[in-house]
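To start, the structure itself, in structure tokens.
The values are calculated or read from the model by the stated rules, or taken from the named source; none is laboratory data. Small disclaimer: the values here were computed from a predicted structure and weren't measured. Cβ placement follows ideal geometry from the backbone for every residue including glycine, while neighbour counts extend to all protein chains displayed.
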Amino acid sequence: MLSARGLTKKFGGVVVAQDLDLDLELGRVVALIGPNGAGKTTLFNMLTGFVRPDGGTISFDGRRIENMPAHQRARVGIARTWQRPRLFESLTLLDNVMVSERDYLGESIGNLIFRHGEVERAEDDARDRALGFLDRVGLAARADSLSTRLSYGQQKLVGLARALMNDGRCILLDEPMAGVEGRTIETMKAVVRAEAEAGKAICIVEHNIGFIRDICDSAVFMFNGRIVASGSIDDLLADKRLGALYFGSHA
């Protein structure tokens, strides 16, 4: 579904990503692991259009997208979450999720004037879908609350619901477990598993080894802007060389 080849990025004279290859397949969950500063989020930013690579190609469903802006990548079906939830503090949870609708008719002034009835029906449908996604993450009862009244973990769940609202075929999750604990972990696991079983291509940047061992089919290990190994989670964790890179040579 998504294929990157030879992605390279420099900030000033610092190489933060070098010759990165990545393939994401429908129905499978891939983890990106490695120490802080390895280039994992930079790779996500290149895949989603927030950072333009200096070299390399990105294809989505057979279409070249490396020069496509971020909002168009969202429209073709690449959704993502962020390390920090980035919710709109002045909006309710329901509105925070509804804004992620990919092809909302009401975005066009012409549609608002000449297709008013269709726009109203589309908004009703979007509201129902958004409520459904909030229900999946256990927050439907708080749909009319402001995001500032949620715990950090609950805000992460709203971010996940927004990614689901995109209804694309590829979901990128950037450290979904950071700051999350308790029941929220199990909710996150259940939703990600269900999306993979529904045929979505999913990639996760995460430091919670237990979480990625439970839900990921394979992993890619990054260090200093390079992919240095790939394979099963257990095989990568059993590699003493990778352990030294991850935890430091003193570990």
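Taking segment 165-184 as the range and being over 11 Å from the mean Cα position of the chain (by Cα) and farther than 26 Å from Glu123 by Cα as the test, the residues that pass are Met177, Ala178, Gly179, Val180, Glu181, Gly182, Arg183, Thr184. Looking only at segment 212-233, filter to residues that are of a type outside the set (A, V, I, L, M) and in contact with a helix residue (DSSP H, G or I) (Cβ under 7 Å, 6 or more places away or on another chain); which one of those is surrounded by the most Cβ atoms within 10 Å (Cβ to Cβ)? If we take residues in segment 212-233 being of a type outside the set (A, V, I, L, M) and in contact with a helix residue (DSSP H, G or I) (Cβ under 7 Å, 6 or more places away or on another chain), then Phe221 is surrounded by the most Cβ atoms within 10 Å (Cβ to Cβ).
Residues checked against (1) outside the structural domain of Ala198 (by TED's automatic domain parsing); (2) among the polar types (S, T, N, Q); (3) buried (at least 18 other Cβ atoms within 10 Å of the Cβ):
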| position | (1), (2), (3) |
| --- | --- |
| Glu120 | yes, no, no |
| Ala126 | yes, no, yes |
| Ala130 | yes, no, yes |
| Val137 | yes, no, yes |
| Ala141 | yes, no, no |
| Tyr152 | yes, no, no |
| Ala161 | yes, no, yes |
| Asp174 | no, no, yes |
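Going through Gly159, Gly153 one at a time, which residue ends up being assigned to a helix (DSSP H, G or I), of a type in the set (Gly, Ala, Ser) and touching a residue at least 60 places away in the same chain (Cβ under 8 Å)? Going through Gly159, Gly153 in turn, the sole match is Gly159. Filter segment 50-97 for residues that are out of contact with any helix residue (DSSP H, G or I) (no Cβ under 8 Å at 6 or more places or on another chain) and of a type in the set (Lys, Arg); which is surrounded by the fewest Cβ atoms within 10 Å (Cβ to Cβ)? Once the filter is applied, the top-ranked residue is Arg64.
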